[in-house]
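Below is one structure, written out as structure tokens; the observations come after it.
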Amino acid sequence: MDCKQRRSSSSPRIKPRLIIHGGAGNIKPTNLTPERYEAVRASLLGMIAKTHSYMHDVASPSALEVATYAVTLLENDPLFNAGKGAVFTRDGIQQLEASVMVSRGHAKRAAGALGLRHVRNPILLARAILERGEEDLWGRKGQGHKDSTSTSDSHNLDIADLDVPSAQGHTLVFGSAAETLARNYGLEFAPTSYFFTQTRWDEHVRGLEQEKSGKQCSATWSAEEYLPQGTTGAVALDSDGVVCCATSTGGLTNKLTGRVGDTPIPGAGYWAEEWDEGSQSPESPHPTLPRVKNFWERGVEAVRRTGSILEFGGALRGLMADCLPTPFFYTPLTPSASSQLTTTRSFATSGTGNGDSFLRVNAGRTVAAIARWGGRSCAQALTAVTGPGGQLQQSAGDRWMKTGEGEGGMIGIESIVVRDVQGNVVRARSSIIQDHNCPGMFRAWVDDNDKAVFQVWHDVEGRREDMSDWKGEKDGM
């Protein structure tokens, strides 16, 4: 069912939501100076405010447009490990990666570009590959072909001679072919000097020196300082109920040239999905598996059976919403009406941290699978993967907090929408979700009351702030 089929003009609007992150890892009060803390705080809150204004533009941008808009701001800011602020490989060059994924609305669902060195905003290339997916999959446009190159000359093939008529049916495109696509799409290029920052270069050199001297076991991680090994990302929900994640990075500090991280890999560093609760029949798609009602369905049914017991006031209702699973806050529905309703759950996430660990546990998709098939909320599932003691941490074994392995965090949005047979929205609720197992994660979001919130650590800071205080902070980027 596409976006237009899901939405009706008479339906109540689904409230758009947004959360962004700027990396995670060994970020401690002892190694994050007050000046840098304030710089990151001002930057992320400025981006949240600017993107929030964009979200509520009269054009009603899609989740894809909102998420990629936010990530371009992150890519343009040298404070963060993406685009302008990307880290260096061991060889002193930068190779960028980016990806996007939507819960529905585009045939490819996910797209990524990697091994980039000249595309100013890699996230826009990933978005363009996704948006052109329908045409590419059918081969309707841009399928001109160059003359074949003889076998004797093929090893001397110049980059300008690459035959790249489109992204075809591909989800991921690498290096020169990806940059050829970007040029065909009319995206902005930049010289390699644009991506150079002295801070990242100093981290690169210092990491190699520490490794050589034996003071640390790897040039990619330090117990004393925060060497960026994370990403930047955004997750958005739009008024059609579509969720989108967008992620961009320079990778690990001092990674091998040619290393591919989790950022472009669907299911590892990011994921977006939606599903209808209770939509499987006993006959399909897995007749050998017993059909057991999950926690979510049992919660919804409990509310429908008992009716309205208590009606909370606004403040208490908001507090309790953080403590109890979402189904308990649906307005009770009569049994006759409920049989004609469809409950759709949606989830999108963007991860940050040690990408090799995210790849090992397929972190993004694992969260969705736990929620979908394990009958748990997405918030619970996310904590089971990336929270303290979760699957990411477990993947490091006895190397935890010694090599950087397993460290990371994830941001996301979960949405529950109830629709009638005409597709009208009857009830809708969404939640910003997040967790991390490492000392810190830079993130900011818009809360239920349209306040901007910034946090690095677990529940020790993060006051609610008026969005108007931060609008225009980054207009000059």
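Derivation of every value follows stated rules applied to the coordinates shown; laboratory data play no part. Bear in mind the structure is a predicted one, so any value in this text is a computation, not a measurement. Neighbour counts are summed over all protein chains in view; Cβ atoms, including those assigned to glycine, are modelled from backbone coordinates with ideal geometry.
Can you give the FRET efficiency for Asp276 and Lys28, using 1/(1 + (r/R0)^6), R0 = 41 Å, r = Cβ-Cβ distance, to the nearest 0.05? The calculated FRET efficiency here is 0.40. Positive contributions from Lys and Arg (+1) and negative ones from Asp and Glu (-1), summed over other residues with Cβ under 12 Å from the Cβ of Ala177, come out at -2.
Cβ crowding within 10 Å ranks Tyr185, Tyr194 as Tyr194, Tyr185, fewest other Cβ atoms first. Rounded to the nearest Hz, the phi-derived 3J(HN,Hα) couplings of the stretch 165-172 under the Karplus curve 6.51 cos²θ - 1.76 cosθ + 1.60 (θ = phi - 60°) are x, 6, 7, 6, x, 6, 8, 10, where x marks glycine and proline. The order of Ser213, Ser62, going from fewest to most other C-beta atoms within 10 Å of their C-beta, is Ser213, Ser62. Between their Cα atoms, which of Lys84/Lys402; Lys28/Lys255; Lys50/Lys108; Lys212/Lys402; Lys15/Lys50 are more than 26 Å away from each other? Over 26 Å Cα-Cα: Lys84/Lys402; Lys50/Lys108.
If I stretch the segment between Asp450 and Gln394 completely, what's the gain in nm (0.36 nm per residue apart, minus their alpha carbon distance), one decimal? In short, 16.6 nm is gained. Subtracting the Cα-Cα distance of Lys15 and Glu38 from their residue separation scaled by 0.36 nm leaves 5.3 nm. Among residues other than Thr403 with Cβ under 13 Å from its Cβ, the summed charge is -3 (Lys and Arg +1, Asp and Glu -1). In sequence order, the stretch 371-387 has phi-based couplings of 5, 6, 9, x, x, 10, 5, 5, 5, 5, 5, 5, 5, 5, 8, 10, x Hz under the Karplus curve 6.51 cos²θ - 1.76 cosθ + 1.60, θ = phi - 60°, and Gly or Pro positions carry x. Less than 13 Å Cβ to Cβ from Thr366, Lys/Arg counted +1 and Asp/Glu -1: what total charge do the surrounding residues give? So the surrounding residues net to +2. Residues whose amide H falls under 5 Å from that of Gly115, counting only those 5 or more places apart or on a different chain, are Leu96, Gly175, with hydrogens built in the peptide plane.
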